[in-house]
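Report on the structure given below.
The numbers here are math on the coordinates, done by the rules we state, and not lab data. Remember, predicted model here, so these are calculated numbers, not experimental data. Every residue, glycine as well, gets a Cβ built from its backbone with ideal geometry; the counts of neighbours run over all protein chains shown.
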Amino acid sequence: MSTESNSPVDPISVNDDQATENTVAATAEEAIGEAANEPAEPPLTPQEMDRFECLACGYTYEPAKGDDRSNISAGVPFPELPLNWRCPVCGAQKKRFANVGPAGTPSGFKENLSYGLGVNTLTPGQKSVLIFGALAVGFFFFLSLYGLR
């Protein structure tokens, strides 16, 4: 007596499995080929990199400036800072920093920038000019009321 199994092998199912493997391999090769043909994104300049603000003291790490106290040169993004790097002002750990986005960009969520009569698209510096300019105009208008005697 033989202990071999006498189960018949279906030649159609074997061919289907091989065809599926060939299709998957061809699809993977096409995806790799397409990815290689796409132009790589240029690296971000230090001005385009996100800034990170210390939640404890308000210090902002800017990649365009680096950190002279810790010998971090300009152009080093925040995620590439050493794990033992600390806030140069208060000594807070790296995990106590929050992303505040690139310098000179509108503050707030991108989906909310279309609201607010276009004011939400202004950078913080532009908002300051608008606010203090309006205050100056109002002050001069108030002073002009003294000439109505």
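Assorted remarks:
- Neighbourhood net charge (15 Å Cβ-Cβ; Lys/Arg +1, Asp/Glu -1) for P124: 0
- Amide H partners (placed H, <5 Å) of M49, local residues excluded: none
- Sum of side-chain charges, T60 neighbourhood, beta-carbon under 9 Å (Lys, Arg +1; Asp, Glu -1): -1
- If you plug the beta carbon distance of L143 and T123 into 1/(1 + (r/R0)^6) with R0 = 30 Å, you get a FRET efficiency near 0.50.
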